[in-house]
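Please read the structure below before turning to the comments.
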Amino acid sequence: MDRSILMAIVLVFLAAMLALLVVGWRSRKRRQMSVAAPITAPAELGAAIGTFTGKYVATTASADPFDRIAVHGLGFRGNASLTLATAGVLVQRVGERDFWIPAGDLTGVRRATWTIDRAVERDGLHLLEWRLGDRSVDSYFRMDEPAAFENAIEPLIAIERQAK
């Protein structure tokens, strides 16, 4: 076979794979239209606990780290800043809409080693468990200062557990 024919076959194959990726992503977003949008931060966040930087990795359906939430800007990784306050957690991401996790919606925090398309060293991710509308979701973060973040968020979640 001629080299140009082989090159054309490879290019057609790559174009078909790219088209399938686009179709798959759009189908996922269409299936998740019922997922509630995260709320925006209130004007008053309460007493500040601290601001921590890191990477936003993903938000998935709770207990299913392969089911990425793709709607409402939650589908893409990026740099993030998490501001912890007594009223909740403000997640600010570069190039995406900020979102707010009210303290009452936080259900837990734990460590993880992997999620959809990301694996790190043992316990290298922080997994925030929270309620998004009527769904339980998990948001994964890779924090620049993991110990400081964990020390700051644990009391916030403990307060919420006591309140319930």
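What angle, in degrees between 0 and 90 and rounded to the nearest 10, separates the Cα long axis of helix 3-31 from the longest principal axis of the Cα atoms of the chain?
So the helix axis and the longest Cα principal axis differ by about 30 degrees.
Write out the trypsin sites (Lys or Arg not before Pro) in segment 78-128 meeting two conditions: DSSP loop, and at most 11 other Cβ atoms within 10 Å of their Cβ. Walk me through the numbers before you get to the answer.
Numbers: sites: R93, R97, R110, R111, R118, R122; in loops: R97, R122.
Answer in residue order: R122.
Quick one: plug the Kirkwood hydrodynamic radius of the chain (C-alpha pairs) into Stokes-Einstein at 4 °C, 1.567 mPa s, and report D in µm²/s.
75 µm²/s
When the helices in the chain are scored as -39500 (n - 2.57) per DSSP H run of 4 or longer and the sum is shared across all residues, what 222 nm value do you end up with, to the nearest 500 deg cm²/dmol?
My calculation for the chain gives -10000 deg cm²/dmol from helical runs alone.
Cut-off 13 Å, label point 7 angstrom out along Cα-to-Cβ of V120: give me the residues of segment 88-111 whose amide nitrogen falls inside.
Only 110-111 fall inside the zone, counting backbone N under 13 Å.
Roughly how many Å is it from the Cα centre of segment 120-135 to that of segment 4-69, as a whole number?
15 Å
So if R0 is 45 Å, what FRET efficiency would I5 and A47 give, r being the distance between their Cβ atoms, rounded to the nearest 0.05? Don't jump to the answer; show the numbers that get you there.
Values: r = 68 Å, r/R0 = 1.51.
E between I5 and A47, to the nearest 0.05, is 0.10.
State to the nearest 20 debye the size of the charge dipole of the chain about its Cα centre, where the only charges are +1 on K and R beta carbons and -1 on D and E beta carbons. Intermediate results must be reported in sequence, preceding the final value.
Values: 20 positive and 18 negative charges, 125 e Å.
That gives the chain a dipole magnitude of about 600 debye.
Obtain the nm distance between the two label points defined at L20 and T113 by a simple spin-label model: each point lies 7 Å from its Cα along the Cα-to-C-beta direction.
Rounded to a tenth, the inter-label distance reads 3.0 nm.
Any read-out appearing in this document is the output of simple, stated calculations on the displayed coordinates, not a laboratory observation. Keep in mind that this is a model prediction, so the values were computed, not measured. So basically every Cβ, Gly included, is an ideal-geometry build from the backbone, and we count neighbours across all protein chains shown.
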